[in-house]
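K.L.:
What follows is a single structure, and I will ask about it in a moment.
Laboratory data are not the source of any read-out in this text; all were calculated from the coordinates shown. Quick caveat: nothing in here was measured; it's all calculated off a predicted structure. Reconstructed Cβ throughout: ideal geometry from the backbone, glycine too, with neighbour counts over all protein chains shown.
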Amino acid sequence: MKIAIACDHGGFALKCAIAAYLKEAGYETADFGTLSEDSCDYPDFALAAAEAVAAGECDMGILVCTTGIGMSIAANKVRGIRCALCKDERCAGMTRLHNDANMLALGAYGESEEHALAIVKTFLTTPFSKEERHVRRVGKISAIERKYLGWKE
C-alpha cells in the first residue's frame, strides 16, 4: 500500500515520525512536503497529496498541520477525497469502517508521537465495512461532490 504524506511547518516533526513508522511497517510512501519547519502554506501540500490519492497514485493519505483542521478542509475540496480529522483511535477506526475515508488529518499541537502513531495504525488497518447502509451513505457523499464539484462518473 502506498501512502501519500504531507504537512506544513507546524506538522513537520510529526510527519517525519509518521514517515519513519510507515517505512518500518512496510508501507511505501510518497512525501509531498513540506521539507522543513520554515513557514509555508498548508493548502499547497494538502492539495498535492489529495490529488495523488484521488488519481489513484497513492492508496491513502496522511496530512499533518498544527491542528489538522486546515489540511482536512483543503483536502476535502478535491473530488473523491474523504479526509477525516481524527483525535483518537476510535474515530480513526469509525471513519474507515463507516465513511471509507481515504485520508487522515492529524494535528501536531499537543499530540504525543505515540498517540498519533496509534491513530495512524488504526486508520490504515481498519477496512471499510461495505455494509449496505454505509455504502449508501458514501454514495450520497459522492452525489454531493457531483452536484457541487462537477464530478462526472
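K.L.:
Being closer than 15 Å to L124 by Cβ, under 11 Å from the mean Cα position of the chain (by Cα) and among the charged types (D, E, K, R): is that true of D59 here? Show your work before the answer.
P.N.:
Numbers: closer than 15 Å to L124 by Cβ: yes; under 11 Å from the mean Cα position of the chain (by Cα): yes; among the charged types (D, E, K, R): yes.
For D59, the condition - closer than 15 Å to L124 by Cβ, under 11 Å from the mean Cα position of the chain (by Cα) and among the charged types (D, E, K, R) - is met.
K.L.:
Here's a follow-up. Would you say I3 is touching a residue at least 12 places away in the same chain (Cβ under 8 Å), within 21 Å of G110 (Cα to Cα) and among the aliphatic types (A, V, I, L, M)?
P.N.:
When the stated conditions are applied, I3 does not pass them.
K.L.:
Taking only pairs six or more apart or across chains, which ones have beta-carbon atoms under 7 Å, a first residue in the range 79-99 that is among the β-branched types (V, I, T), and a second residue that is not in a helix (DSSP H, G or I)?
P.N.:
I81/N102; I81/M103; T95/A84; T95/C86; T95/A101
K.L.:
Quick check on my filter: what residues within the range 24-38 are under 13 Å from the mean Cα position of the chain (by Cα) and either assigned to a loop (DSSP other than H, G, I, E, B) or surrounded by fewer than 16 Cβ atoms within 10 Å (Cβ to Cβ) (or both)?
P.N.:
The answer is F32, and nothing else.
K.L.:
A further question follows. A17 is checked against (1) in contact with a strand residue (DSSP E or B) (Cβ under 8 Å, 6 or more places away or on another chain); (2) among the small types (G, A, S); (3) outside any loop (DSSP other than H, G, I, E, B) and fails just one. What number does that condition carry?
P.N.:
The failed condition is (1).
K.L.:
Still on this structure: Starting from residues that are more than 10 Å from the chain's Cα centre (by Cα) and not small (G, A, S), keep the ones in the range 62-83 and report whichever is farthest from G139 (Cα to Cα).
P.N.:
T66
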